[in-house]
Every structure is written in structure tokens, then in C-alpha cells.
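Read through the structure below, which is laid out as C-alpha cells, and then see the notes.
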Amino acid sequence: MSKVKRIAMWCAPRTVSTALLRSFVQRMDTTGLDEPLYAHYLTTTGKQHPMNEEVLAAQSQDWREVLEGELLGYCPTPVLFVKHMAHHLVGDVDFQALNTEDSRHAFLIRHPRELLPSLLLGLGKVEQEDTAYGQQAELFDFLKENGRPPVVVDSKDIQEHPEAMLKALCQALDLPFDASMLSWVPGRHPAYGVWAPHWYANVEKSSGFQPYRPKTEPFPESLQSLYEWALPLYEKMAAVRLRPLEESERS
């Protein structure tokens, strides 16, 4: 029996993460899993999020149970695509335990000049641990030292070149590209977490990746120190990000 290819996509918040999950579950060979460490994160940090009780009731709050039961458990398809939020890597989560033989790790990043104001709008107050930059950088360095170099994709690149970037991502993950990933029927998908009614209104209205729209508002002065901390972490990963496939073929 062939092994399941288990893809862990470690996302920053306020990216195209849910749209990317929706894209992958269009594939007939793929099962999607949405933020399985969310309840662990809420329990460990004590943070109060919308639909807090629903999340805690829907998921195990122990990352070890999540690992054994879902991340490494039975999958009905050859591919398991897991949308993780990197800031859920809190407490005593063991990176080595996550780095299994059949897992492929990837990162979805976004420039802090765009991510931080969007996060501030959603949370009202932003701290380092809310941004995921630190957790992404730590896991990225660990994976570089303990296996294959992880794959990095930028949210903006996907929005500007959805087909070319999905082709590049599939190639990097040793998957054949499937054109069905480019569009979908609007509405809620069974792969979405129980928190979808609060967070996923925009993606549920969509039928594909939305075009990139640059932010035109002035950058909040209150975020400047956080920006200066986050920028080098972002740039380190952005330097090795995938490029649109047609672009890489020409180089």
C-alpha cells in the first residue's frame, strides 16, 4: 500500500491560506484539513477568539492527539493537504515529531507592510506571537537543518500569477498540476473548520483567487517597531520563495 503524501502548509495570518486550501481540495486525489492545532493554540495561550467554545469542542486540545489521529492518521486519498497557521506552534509542540518521512513542509508568507495593518484591523492589537513570523522562521530553520529544504510561496505571487504559481508549487511538492485548482463553486466546503461562519465570508463568496490589490493607506506608526522586527524574518524566507513556473523555465 502506497504512503499518503502529507503536505503541511504553514501559513501566516491574513494570507490566501483558506483560498489555497479550497484550491487543493478541488483535486480528486486530495483531502483537506483546516487548522488542526487551533484548539491546542487557544488552550495553551488562553486567548479568546470568536467561536472559542465551538473550536474547543470540535478539536482535540492536545497536539499529540492531533498528530497521531489526524496528521498521521487514516486519509482516504493519496494526498493530505493541511492548512496550518504557524502561530499555532505554541507550547511544547515537537518539531521533530511533525517532520515525518512522508511529510512535505511548505510556508505561505506575506510582506509585513501588508500583513501587519490587516492583522491590526482584525485583532485591534498585534503582538509578535500573533504575526507567525517568529514561528515560521524557527520551523523554517529547523527543517533546513533536518531534511529537505522547505518550500516557500508568497501570497502576493499567488494572487498575481495563480496558475503559474500553482504549477510551481505542485512541481515543488512532487504533484502533477491539476487545472481544477484554479476555480471552484462559491459556498462553504466540508473541509473548512467550524469557525468558517465567522472568518470565511470572503472566500465563500469567491470562485477563485482574488486579484492582488496593494494597500494604499499610510502604514500605522504604532506598528513600526513590529515591522522592523518582522521584515528580516520575512525577507530571509522570501529570498528562496518559488517564482511563477513560466518565469523559472525561462531563467
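Numerical summary
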quantity	calculated
Any chance T77 is of a type in the set (V, I, T) and surrounded by fewer than 16 Cβ atoms within 10 Å (Cβ to Cβ)	yes
Residues located in region 29-56, provided they are among the acidic types (D, E), more than 15 Å from Y200 (Cβ to Cβ) and in contact (Cβ under 8 Å) with a residue 12 or more places away in the chain	D29
Test: S2 is more than 19 Å from Y200 (Cα to Cα), modelled with pLDDT under 95 and touching a Pro at 6+ places or on another chain (Cβ under 8 Å)	yes
Residue within region 25-38 that is of a type in the set (K, R) and closer than 22 Å to Q135 by Cβ present	no
Within region 5-54, considering residues that are more than 18 Å from the chain's Cα centre (by Cα) and within 24 Å of F95 (Cβ to Cβ), the one modelled with the lowest pLDDT	K47
Enumeration of residues in region 145-159 that are surrounded by fewer than 17 Cβ atoms within 10 Å (Cβ to Cβ) and either under 18 Å from the mean Cα position of the chain (by Cα) or part of a loop (DSSP other than H, G, I, E, B) (or both)	N146, G147, R148, P149
Failed item, numbered, when R148 is tested on (1) free of Cβ contacts under 8 Å to residues at least 60 places away in the same chain; (2) in contact with a helix residue (DSSP H, G or I) (Cβ under 7 Å, 6 or more places away or on another chain); (3) of a type in the set (K, R)	(2)
All positions within region 172-200 that are more than 24 Å from V152 (Cα to Cα) and not in a loop (DSSP other than H, G, I, E, B)	A196, P197, H198, W199
Sole exception among (1) of a type in the set (D, E, K, R); (2) over 26 Å from L143 (Cβ atoms); (3) modelled with pLDDT under 95 for E163, by number	(3)
Any chance S23 is surrounded by 20 or more Cβ atoms within 10 Å (Cβ to Cβ), within 30 Å of P218 (Cα to Cα) and in contact (Cβ under 8 Å) with a residue 40 or more places away in the chain	no
Region 84-101: number of residues that are surrounded by 19 or more Cβ atoms within 10 Å (Cβ to Cβ) and not β-branched (V, I, T)	7
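Residue-wise test of (1) more than 17 Å from the chain's Cα centre (by Cα); (2) surrounded by 11 or more Cβ atoms within 10 Å (Cβ to Cβ).
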site: Y192; (1), (2): no, yes
site: Y200; (1), (2): no, yes
site: V203; (1), (2): no, yes
site: P218; (1), (2): yes, no
site: S222; (1), (2): yes, yes
site: Y227; (1), (2): yes, yes
site: A230; (1), (2): yes, yes
site: L233; (1), (2): no, yes
site: P244; (1), (2): yes, yes
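Every residue, every condition in (1) within 24 Å of L169 (Cα to Cα); (2) in contact with a helix residue (DSSP H, G or I) (Cβ under 6 Å, 6 or more places away or on another chain); (3) surrounded by fewer than 21 Cβ atoms within 10 Å (Cβ to Cβ); (4) not basic (K, R), yes or no:
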site	(1), (2), (3), (4)
W10	yes, yes, no, yes
V16	yes, yes, no, yes
H40	no, yes, no, yes
A58	no, no, yes, yes
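The values are calculated or read from the model by the stated rules, or taken from the named source; none is laboratory data. Please read all numbers here as calculations on a predicted model, not as lab measurements. Heads up, the Cβs are rebuilt from the backbone with ideal geometry, glycines too, and the neighbour counts pull from every protein chain shown.
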